[in-house]
Amino acid sequence: MCSLWPPIDKSLYNGVWVYLERDGHKLKDVGLELLGKARELAAKLGGVEVGAVLVAAGRELAQEAIYHGADRVVLIENPELETYTPVEYAKAIATVVQKYKPEIFLIGATKRGRELAAYIANSLTTGITADCTALDVEPQTRDLHQIRPTFGGTQLAIIKTPHRRPQMASVRPGVFPKPPRDVGRVGEIVVERVEVERKTRLLARERRVEIDVDLPPVESSEVVVAGGRGLGSGEGFKLLAELAKLLGGTVGASLMAVRAGWVPHSRQIGQTGKTIRPKVYIAVGVSGAIQHIMGVMESKTIIAINPDPNAPIMKNADYAVVGDYKEIIPALLEELRKYLS
């Protein structure tokens with residue numbers, strides 16, 4: 001069989017490793033579920049090491065990974081990685097995987113996991129099977145059976161990567177049980193300081209503006225004030241938070257604002273974020289790409305504020321205001337305070 005990639009020495013690869021995604025100050029369940037499955041696969045491969053990779057996290061989370069089945073946890077440290085961007089995260093994770101050479105590397109098929117997995121596989125010049133619902137190994141060949149439904153959903157496909165290492169798969173959350181927490185388990189925590197080149201950025205990272213924790217989630221609010229790339233920086237979200245509080249609502253964001261690091265992913269609205277149905281949705285500096293519109297189309301009233309009268313959001317709004325939000329929002333806040341006083 002002809003291959004575009006040079007042959008590798010598969011004997012250099014050993015162990016089953018998992019990328020652990022965190023949600024703020026806790027680990028997402030899917031990573032812990034994969035640690036349980038990794039232990040099962042490792043046993044079939046002769047009791048090899050179960051490893052885990054964490055990015056920009058503390059030792060407390062690393063210890064939690066050990067309690068749930070990891071033998072070794074690698075903490076990737078770099079101030080540039082405190083805010084998620086797919087290219088830098090993938091390069092950092094791939095650097096660690098290349099160093100430790102696990103034969104299997106698993107990722108949870110969350111929104112972020114699906115995005116990261118493709119970047120990492122490309123960096124490692126290996127294959128990946130997405131959205132697996134089951135995993136197994138052949139002890140003789142050490143090949144991973146990556147099992148997932150076909151596109152029609154009527155059959156299961158078993159996919160292998162016999163000529164490349166590591167073997168990569170993303171796995172749907174909830175398909176494996178989460179292993180019990182065992183505080184008696186011991187393991188090794190290793191800190192790796194990985195360099196990240198700024199020139200690889202898709203977007204310049206700005207300092208994240210802390211959104212008031214008392215503001216409710218976007219999916220449960222009757223009024224949502226969302227910001228997009230048109231705000232120019234994360235500082236614009238301070239104005240939006242003021243407006244949201246006066247209206248008894250909350251703050252949301254577009255994909256581009258989240259990718260820029262201005263607000264956390266939990267406030268992202270759209271096809272790859274939250275779908276919302278508020279009574280009032282105010283989009284400030286949001287261009288209105290179709291992925292975003294899909295997440296807000298059930299809103300009762302949409303108000304768009306944008307300097308570009310031809311922005312797609314303006315065509316989908318019930319009320320469209322053309323102008324600079326730095327002038328419009330302060331004026332609106334002043335009038336609202338007068339009305340409410």
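Read the figures in this text as sums done on the coordinates, not as results from a lab. All of these numbers come straight from a predicted model, not from anything done at the bench. Methodologically, a virtual Cβ is constructed for each residue, glycine included, from the backbone with ideal geometry; neighbour enumeration extends over all protein chains shown.
Annotations for the structure displayed:
- Whole-Hz couplings from phi, Karplus 6.51/-1.76/1.60, listed for segment 292-309; x for Gly and Pro: 6, 4, 4, x, 10, 5, 8, 5, 5, 9, 10, 10, 10, 10, 7, x, 9, x
- Along each principal axis, taking the top coordinate minus the bottom one, the Cα set of the chain gives 74, 44, 38 Å in descending order.
- Positive-end extreme of charge dipole, the chain - chosen from LEU240, ALA94, THR150 (charges on Cβ): THR150
- Qualifying aspartates and glutamates (Cα of each under 17 Å from Cα of LYS101; at least 8 residues distant if same chain): ASP9, GLU49, ASP71, ASP143, GLU188, GLU192
- A simple rule links phi to the HN-Hα coupling: the Karplus curve 6.51 cos²θ - 1.76 cosθ + 1.60 with θ = phi - 60°, which for segment 330-341 gives x, 5, 5, 4, 4, 5, 5, 5, 5, 5, 8, 7 Hz, with x for Gly and Pro.
- Long-range HN-HN contacts of CYS132 with modeled amide H, under 5 Å: SER170, VAL171, ARG172
- Under 5 Å from the amide H of ALA320 lie the amide H atoms of ALA304, each residue being 5 or more positions distant or on a separate chain, with H modelled from the backbone and absent for Pro and chain starts.
- The amide H of GLN167, built 1.01 Å from its N in the peptide plane, has ILE104, PHE105 as neighbours under 5 Å, considering only residues 5 or more places off or on other chains.
- Note on segment 245-341: the C-alpha convex hull projects to 6.2 nm² when averaged across all orientations.
- The convex hull drawn around the Cα atoms of segment 10-200, when projected onto a plane and averaged over every direction, covers 10.5 nm².
- Extended-chain gain in nm, criterion 0.36 nm per residue less alpha-carbon gap, LYS245 and TYR319: 24.5 nm
- Only lysines eight or more places from LYS28 in sequence, or on another chain, were considered; those with a Cα closer than 22 Å are LYS37, LYS91, LYS111, LYS178, LYS274.
- Distance-filtered residues of segment 128-142 - backbone nitrogen under 19 Å, label point 7 angstrom along HIS163 Cα→Cβ: 128-129, 141-142
- Sequentially through segment 177-183, phi angles give Karplus couplings (6.51, -1.76, 1.60; θ = phi - 60°) of x, 7, x, x, 7, 10, 6 Hz, Gly and Pro residues having no value and appearing as x.
- Cα-based helix-to-principal-axis angle, 29-44 vs the chain, degrees rounded to 10: 10 degrees
- Average Cα contact separation per residue, the chain, under 8 Å, 6 or more apart, as relative contact order %: 14 percent
- Cβ-based charge dipole, the chain, positive-most Cα from LEU54, PRO166, PRO79: PRO166
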